[in-house]
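Let me begin by presenting the structure, written as structure tokens, before commenting on it.
The values are calculated or read from the model by the stated rules, or taken from the named source; none is laboratory data. Since we're looking at a predicted model, the values are computed, not measured. Because the Cβ atoms are built from the backbone with ideal geometry, glycine has one as well, and the counts that use them run over all protein chains shown. For the accessible areas, the whole protein counts, side chains as well, though only heavy atoms, and no ligand, DNA or RNA atoms are used. Shrake-Rupley method; radii C 1.70, N 1.55, O 1.52, S 1.80 Å.
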Amino acid sequence: MPSHDPTTGAAEPERRGSYDSVFALGLYVVLAIGTGILLVVWRGPHEALALGLLVPAAWLLVRSHRKLQATLGERLEAERRLQARTAELQALNDRFTEADRYKDEFLSVLSHELRTPLNFITGFVSILQDEIAGPLNDRQQEYLERVQEGAGLMVHLVDDLLDVARIKAGRLHLDSHEQDLAQTIARAVAGLEPIARRCGIKVSSDLEAPVDAVFDDARVGQVVSNLVSNALKFTGPGGKVDVSLSLDGTRAMVQVRDTGIGIAAADLDRVFERFRQLDMSTTRRAGGAGLGLTICKEIVEAHGGQIGVMSEIGKGSLFWFTLPLASLPADHVPQEPAARLRSEERA
């Protein structure tokens with residue numbers, strides 16, 4: 001049985017096509033010479049020469065036309081395949097979009113359903129702690145505090161899920177009016193000081209007051225709490241978290257700087273993505289679902305501000321965000337926040 005050479009088999013049609021082209025060219029040459037001889041005998045040498053030149057030109061034209069038809073056919077086939085592939089990708093994208101919508105609806109429904117029993121738990125724990133149902137000993141009080149703390153963390157997680165669902169649906173409502181940003185930051189930091197003391201972390205604040213801006217007090221307080229909580233999670237005992245508020249012409253800038261583990265340069269562009277866990281082992285120990293920074297970004301941008309991060313592994317992190325001031329001076333063009341912070345770091 002003869003062996004089959006795939007390379008030879010693939011080249012066979014090309015050689016056959018070359019033979020056909022040579023044969024056709026030879027046939028046209030023979031016809032051209034024969035036609036020329038007949039014309040010389042019949043009409044004279046000059047007209048024979050002119051007509052004889054037209055024959056090769058016509059042959060070249062026919063060959064060019066055939067090549068053009070082949071090229072157009074290949075292009076049309078390529079376009080047909082491209083359109084079919086585009087349709088497949090569009091159908092796949094539609095399925096992914098639908099699945100994402102179902103996931104968001106599920107999270108929204110789940111969050112609402114979890115909120116009701118959590119309210120019952122926290123409510124009855126508060127009743128027990130107030131000893132309305134009877135006196136408690138120290139151990140019972142300690143157990144109730146742990147229950148209340150765990151329920152509070154669960155409520156916070158459910159609230160984050162609800163916020164993400166509202167953001168995805170475009171229903172993030174802001175109750176903004178002019179007020180002092182320094183007071184909002186001070187309240188948020190004070191609320192986290194007991195946790196910082198238990199963790200052995202020093203929290204300090206340097207706030208210019210008053211700083212009037214137009215913002216939603218609860219939502220901006222949520223941003224500050226999330227950033228400070230995030231700093232506490234990834235800063236070890238003996239570390240520091242500094243919160244500052246300063247003015248930059250038309251904007252107020254809030255900075256949260258920690259002495260924690262830091263973030264790798266390759267991960268800086270991903271820290272504000274939903275459900276993003278940059279270091280699963282550390283995050284599992286610290287807790288959280290990877291939603292806090294995403295919510296911060298959406299809230300700040302909904303206020304017309306900006307948010308960013310600067311960090312190095314082993315050197316801590318600096319999270320910052322800006323908000324427009326209530327009154328804007330017309331003669332000041334501020335430097336971009338990230339550029340300003342980089343220049344301050346170099347100084």
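For segment 140-163, give me the residue count where each residue is within 30 Å of Pro324 (Cβ to Cβ) and touching a Ser or Thr at 6+ places or on another chain (Cβ under 7 Å).
Matching residues across segment 140-163 total 2.
Would you mind finding the one in Glu79, Glu145, Glu113, Glu88 that is open to solvent by 80 Å² or more (accessible area, probe 1.4 Å), under 22 Å from Ile295 (Cβ atoms) and out of contact with any Phe, Trp or Tyr (no Cβ under 7 Å at 6 or more places or on another chain)?
Every option except Glu113 fails the conditions.
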_I'm trying to understand the selection: among the residues of segment 131-142, which are surrounded by 10 or more Cβ atoms within 10 Å (Cβ to Cβ) and either modelled with pLDDT of 90 or more or closer than 24 Å to Val155 by Cα (or both)?_
Glu131, Gln140, Gln141, Glu142
*Of the numbered conditions (1) surrounded by 22 or more Cβ atoms within 10 Å (Cβ to Cβ); (2) under 24 Å from the mean Cα position of the chain (by Cα), Ala213 fails exactly one; give the number of that condition.*
(2)
*Consider Arg276 carefully, then state whether it is surrounded by 14 or more Cβ atoms within 10 Å (Cβ to Cβ), among the charged types (D, E, K, R) and at pLDDT 90 or above.*
no
*asked:* Being of a type in the set (Phe, Trp, Tyr) and loosely packed, with under 12 Cβ neighbours inside 10 Å: is that true of Phe120 here?
replied: yes
*Answer with yes or no whether His173 is free of Cβ contacts under 8 Å to residues at least 24 places away in the same chain and surrounded by fewer than 20 Cβ atoms within 10 Å (Cβ to Cβ).*
yes
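Tell me, yes or no, whether segment 179-186 has at least one residue that is over 30 Å from Arg251 (Cα atoms) and surrounded by fewer than 16 Cβ atoms within 10 Å (Cβ to Cβ).
No: zero hits.
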_Can you tell me which condition Ala264 does not meet? The list is (1) modelled with pLDDT of 90 or more; (2) open to solvent by less than 60 Å² (accessible area, probe 1.4 Å), and all the others hold._
(1)
*Mind checking whether some residue in segment 304-323 is open to solvent by 40 Å² or more (accessible area, probe 1.4 Å), at pLDDT 90 or above and of a type in the set (Val, Ile, Thr)?*
yes
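Restrict the check to segment 76-91 and report whether at least one residue is touching a residue at least 40 places away in the same chain (Cβ under 8 Å) and part of a helix (DSSP H, G or I).
For segment 76-91, residues touching a residue at least 40 places away in the same chain (Cβ under 8 Å) and part of a helix (DSSP H, G or I): absent.
Yes or no: segment 231-254 includes at least one residue that is over 30 Å from Arg101 (Cβ atoms), of a type outside the set (A, V, I, L, M, F, W, C) and under 24 Å from the mean Cα position of the chain (by Cα).
yes
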_Single unsatisfied condition, Ala196 versus (1) farther than 23 Å from Thr294 by Cβ; (2) open to solvent by 10 Å² or more (accessible area, probe 1.4 Å)_ = (2)
*Do we have Leu128 as at pLDDT 75 or above, within 30 Å of Lys168 (Cβ to Cβ) and either open to solvent by 50 Å² or more (accessible area, probe 1.4 Å) or among the charged types (D, E, K, R) (or both) here?*
no
